[in-house]
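What follows is a set of notes on a single structure, which appears directly below.
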Amino acid sequence: MAEKDNDFLSLSDLESELDSIPIPMFFDRNRHICYLEMMLELLPSPYQSQEINRLTLAYFVVCGLDILRSLDRVDKEGVINWVLSLQAHPQDKAELSNGQFYGFHGSRSSQFQPNDYGNAIPNCSHLASTYCALSILKTLGYDFSLLDSMSIIKSMKNLQQHDGSFMPIHSGAETDLRFVYCAAAISSMLENWSGIDKEKAKEYIINCQSYDGGFGLTPSSESHGGATFCAVASLRLMGLIEDDILSKNASSCFINVPLLLDWCLQRQAATDGGFQGRLNKATDTCYAFWVGGVLKILGAHKFIDHEGLRKFLFTCQSQYGGFGKTPEQLPDLYHAYYGFCAFSLLEEPDLNSICTELGTTIGPVQLL
């Protein structure tokens, strides 16, 4: 995604021309491709506040085009070089033990911070940005043997806490299941698990399962669709649960699978067929993947109302391409990407299949 002074485009120009176009009740692949191509070149003005997350936005675009079987629209060499330029590097091996994390920055503006004298100094990298960076590189076919992966893995150990959770940066940040998942996904993509204590992470995940079967972001917190995905996908990536566990001996698992299954299935609304992220919340495009993905990993995707879900997602599909959070909302990259993922799980024709645990088309090395 080019970094230019004029790379933000107001949506008003588009709205005036496209408002009269009806929302298609089929998966409009060509329009989705056009939407992502536009986002690859020019970000609408509402994304200005997300500049610090530019790498994440690039992840949605590049990996989205891959799901749509249109990766040929991407300047692979240019994107790879840009992503690599955002990696933090230690000055020497001794710095790998200084508590810092040497992963990837979210953008050029987050790569450096001003000191008291106004001079730019290196800033810390982030676990989520590193997950996005590696996903992009792997999707584009980059040779990971050329990557400084040991700096990532060794310094990632500095982020794991005594309770098994992870911080996303080296200090001053929250800890929850999102970053356990990022650490597991990073380890899987790099095929190196020495940066994570899997037993501690397992115990933390177990402690996050709530009385109703879902998982909260932290122990004793409310069950949430995104947190539940992070928990189950992390366990699968770490090889601690089997794929399609329902077809095996689920009752002997260290998490309560029957209760988890019940909680997930109850998240699909009978009224519109969409999935909600929490009890008594509105249905939302992204949870078709977050909750649907959990059901896919468990081997229970066959139990959902596929036709009802498809109809709900079509109501969230935008005439501009992409998906909005709910019906009649403007599209955004986050919901567009997870809308594509949801349709991939529904086996929509002309889409690439995704690895559910990683949320991309590139699968992990299986540990079980």
Tally Lys/Arg at +1 and Asp/Glu at -1 over every other residue whose Cβ is under 12 Å from the Cβ of residue 335; what's the total?
-1
Under the 0.36 nm per residue contour assumption, what length would be gained going from the current alpha-carbon distance of residue 262 and residue 203 to full extension?
19.0 nm
At a Förster distance of 35 Å, what's the computed FRET efficiency of residue 194 paired with residue 25, Cβ-Cβ distance as r, to 0.05?
0.10
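Please compute the length gained on full extension between residue 41 and residue 244, using 0.36 nm multiplied by the number of residues separating them and subtracting their Cα-Cα distance. Each step should come with its number before you reach the end.
Values: separation 203, 0.36 × 203 = 73.08 nm, distance 3.99 nm.
Between residue 41 and residue 244, full extension yields an extra 69.1 nm.
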With every protein chain left in place, what is the accessible area per residue of region 178-254 in square angstrom, probe 1.4 Å?
36 Å²
Could you tell me, in Å, what Rg and Dmax come out for the Cα atoms of region 165-227?
12.0, 35
I'd like to know how region 121-247 sits against the 2.2 N^0.38 Å rule of thumb: what's its Cα Rg over that expected value?
1.06
Interchain or long-range residues, amide H under 5 Å from residue 176's placed H:
166
Cα point-scatterer Debye curve for region 274-326, base-10 log of I(q)/I(0) at q = 0.21, 0.22, 0.31 Å⁻¹
-0.77, -0.83, -1.23
Per Stokes-Einstein, at 10 °C and 1.306 mPa s, what whole-number D in µm² s⁻¹ belongs to the chain, with the Kirkwood radius over Cα pairs as the hydrodynamic radius?
75 µm²/s
Excluding residue 36 itself, calculate the net charge of residues whose Cβ lies under 14 Å from the Cβ of residue 36, where each Lys or Arg counts +1 and each Asp or Glu counts -1.
-3
Under the definition of Cα pairs under 8 Å and six or more residues apart, what whole-number percent is the relative contact order of region 195-330?
20 percent
So if R0 is 35 Å, what FRET efficiency would residue 348 and residue 92 give, r being the distance between their Cβ atoms, rounded to the nearest 0.05?
0.10
Accessible-area ranking of 310, 108, largest first, probe 1.4 Å:
108, 310
Relative to 2.2 N^0.38 Å, what does the C-alpha radius of gyration of region 197-262 come to as a ratio? Two decimals please.
1.01
Please give the length that would be gained between residue 161 and residue 280 if that part of the chain were fully extended, namely 0.36 nm times their separation in residues minus their C-alpha to C-alpha distance (nm, one decimal).
39.6 nm
What span do the alpha-carbon atoms of region 247-368 cover on each of the three principal axes, reported in whole Å from largest to smallest?
47, 34, 21
Tell me the mean residue ellipticity at 222 nm calculated for the chain from its helices only (DSSP H runs of n ≥ 4, each -39500 (n - 2.57), averaged over every residue, nearest 500).
-12500 deg cm²/dmol
Keeping all protein chains in the complex and leaving out DNA, RNA and ligands, what accessible area do you get for residue 362 with a 1.4 Å probe, in Å² to the nearest 10?
50 Å²
Please identify every one of the chymotrypsin sites (Phe, Trp or Tyr not before Pro) in region 125-231 that sits in a loop by DSSP and has no more than 10 other beta carbons within 10 Å of its own beta carbon.
211
Amide H contacts of residue 355 (H built 1.01 Å from N, under 5 Å, at least 5 apart or other chain):
360, 361, 362
For 220, 145, 70, give the ranking by accessible area with the largest first, probe 1.4 Å.
220, 145, 70
Given an 8 Å cut-off on Cα distances and at least 6 residues of separation, report the relative contact order of the chain as a percent.
16 percent
Checking the a/c ratio against 1.5 first, then a/b against b/c, what shape does the Cα gyration tensor give for region 220-299?
prolate
If you average the C-alpha positions of region 228-281 and of region 162-226 separately, how far apart do those two centres end up, in angstrom?
16 Å
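So in the chain, what percent of DSSP beta bridges are antiparallel if you round to the nearest 5? Mind showing how you got there, number by number?
On the way: 12 of 14 bridges.
Bridges in the chain are about 85 percent antiparallel.
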Expected field for residue 174, accessible surface area in Å² at 1.4 Å probe radius, rounded to 10, holds 110 Å²
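The values are calculated or read from the model by the stated rules, or taken from the named source; none is laboratory data. Everything numeric here is computed off the predicted structure, so don't read it as measured data. No Cβ is skipped: glycine too gets one built from the backbone with ideal geometry, and neighbour counts run over all protein chains shown. These accessible areas exclude ligands, DNA and RNA; they are computed on the full protein's heavy atoms, side chains included. Shrake-Rupley method; radii C 1.70, N 1.55, O 1.52, S 1.80 Å.
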